[in-house]
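Participant: Next up is a structure, given as structure tokens.
The values are calculated or read from the model by the stated rules, or taken from the named source; none is laboratory data. Source: prediction; values computed, not measured. Virtual Cβ from ideal backbone geometry, glycine too; neighbours counted across all protein chains shown.
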Amino acid sequence: MLVPVQRWIWSDSDRRVQKLLRFSETETDGGRDILRAAEVTSDPLLRRLYLEHAIDEFRHGVLFRHRAAALLKVSPCRSNPGFQGDWLTPGGHGLDDLQVDGESDSDMLAFLHLSEKAAASRFTVYRDVMQHDPPTRAVFEEILHDETFHMNYTLTQLARVEPKRHRRHLWWARLSRLWKAYLRLATGLAGILGSMLLTIQYFVLLPPFAWLAKRGAHRERSGWTMVSPGHNDSLDRQY
Ligand SMILES: [Fe+2]
Ligand SMILES: [Fe+2]
């Protein structure tokens, strides 16, 4: 449904550069988290797979950055990048929600599986709308191949680590992602509502006070005024 919007967002070369650079950061950060997961797991097979996975994510970061640099060489960016539509074109994995330390192998695998699945479906859309830019399309194609492998190996390993309860872990991870998405949405909405309320207060509540202050100022006599003798005693207290 959003394919025409995606096509429009990716059609602008400046926006494309900004997005590729942001995706590069997301991939590299994700790689760092998975490297940490390789350090903390006690399962030798998982450690090896996580290491390969982390190397893939770092490579994705480099691929995105190189492509952005190549685009920049052809046409330097405007100083003001304008509308970015980041919420419509999120980066790959959503691994920023990941808390590696303290997660069990099964929870980690369930989380990774869903994240990689989300990345694969997003990158499929981005690749499909990139007909006008074959080199960028090739980058998405190459990365998509890895993301599909990540999505599959995490599910296979989850079934190996938790043969009986792997579906429950997946559902739990789904609910957790849903809850975090709701929190992000609620925080965004709260920010918008807060700005709207403050703007309304500024234009509705402030004018009467400004008007009263102006009226009070008109009533004040200008310059020095005599004080009545009763109020002219020497000061013996602060107020
Ligand atoms: Fe990736
Ligand atoms: Fe991945």
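Participant: Touching a residue at least 24 places away in the same chain (Cβ under 8 Å), of a type outside the set (K, R) and either closer than 30 Å to A70 by Cβ or more than 14 Å from ligand 1 (Cβ to nearest atom) (or both): does that describe A210?
Facilitator: Numbers: touching a residue at least 24 places away in the same chain (Cβ under 8 Å): no; of a type outside the set (K, R): yes; either closer than 30 Å to A70 by Cβ or more than 14 Å from ligand 1 (Cβ to nearest atom) (or both): yes.
Here the answer is no, as A210 does not meet what is asked.
Participant: For the stretch 151-166, state whether one or more residues are hydroxyl-bearing (S, T, Y) and in contact with an Asp or Glu (Cβ under 8 Å, 6 or more places away or on another chain). Please lay out each step first, then the result.
Facilitator: Step one: filter the stretch 151-166 for residues hydroxyl-bearing (S, T, Y), giving 153-154, 156.
Subsequent filtering for residues that are in contact with an Asp or Glu (Cβ under 8 Å, 6 or more places away or on another chain) retains 154.
Yes, the stretch 151-166 contains at least one residue that is hydroxyl-bearing (S, T, Y) and in contact with an Asp or Glu (Cβ under 8 Å, 6 or more places away or on another chain).
Participant: Which of the residues belonging to the stretch 122-137 are farther than 17 Å from V5 by Cα and either within 15 Å of ligand 2 (Cβ to nearest atom) or among the hydroxyl-bearing types (S, T, Y) (or both)?
Facilitator: Within the stretch 122-137, T136 is the sole residue that qualifies.
Participant: A further question on this structure: Looking at (1) more than 16 Å from ligand 1 (Cβ to nearest atom); (2) out of contact with any Lys or Arg (no Cβ under 7 Å at 6 or more places or on another chain), find the lone condition where H145 falls short.
Facilitator: Unmet for H145, out of (1) more than 16 Å from ligand 1 (Cβ to nearest atom); (2) out of contact with any Lys or Arg (no Cβ under 7 Å at 6 or more places or on another chain): (1).
Participant: Go through the stretch 138-167 and count every residue that is more than 16 Å from ligand 2 (Cβ to nearest atom) and either buried (at least 17 other Cβ atoms within 10 Å of the Cβ) or closer than 22 Å to L45 by Cβ (or both). Show your work before the answer.
Facilitator: Quick first cut of the stretch 138-167, residues more than 16 Å from ligand 2 (Cβ to nearest atom) only: 138, 159-167.
If we keep only those that are either buried (at least 17 other Cβ atoms within 10 Å of the Cβ) or closer than 22 Å to L45 by Cβ (or both) too, we end up with 159-167.
So the count comes out to 9.
Participant: I would also like to ask the following. Can you tell which of S115, S75, S104, S121 is modelled with pLDDT of 70 or more, in contact with a Leu (Cβ under 8 Å, 6 or more places away or on another chain) and not charged (D, E, K, R)? Break it down into steps so the answer makes sense when it comes.
Facilitator: Numbers: S75 fails: in contact with a Leu (Cβ under 8 Å, 6 or more places away or on another chain); S104 fails: in contact with a Leu (Cβ under 8 Å, 6 or more places away or on another chain); S121 fails: in contact with a Leu (Cβ under 8 Å, 6 or more places away or on another chain).
Result: S115 is the single residue among S115, S75, S104, S121 that is modelled with pLDDT of 70 or more, in contact with a Leu (Cβ under 8 Å, 6 or more places away or on another chain) and not charged (D, E, K, R).
Participant: Give the stretch 56-73 a look and list any residue that's within 16 Å of ligand 2 (Cβ to nearest atom) and under 12 Å from P135 (Cα atoms), or say none.
Facilitator: If the condition is that a residue be within 16 Å of ligand 2 (Cβ to nearest atom) and under 12 Å from P135 (Cα atoms), then L63, F64 are the ones that fit.
Participant: So, one more: Given the criteria over 21 Å from the mean Cα position of the chain (by Cα), part of a helix (DSSP H, G or I) and away from ligand 2 (no atom under 14 Å from the Cβ), does L51 qualify?
Facilitator: no
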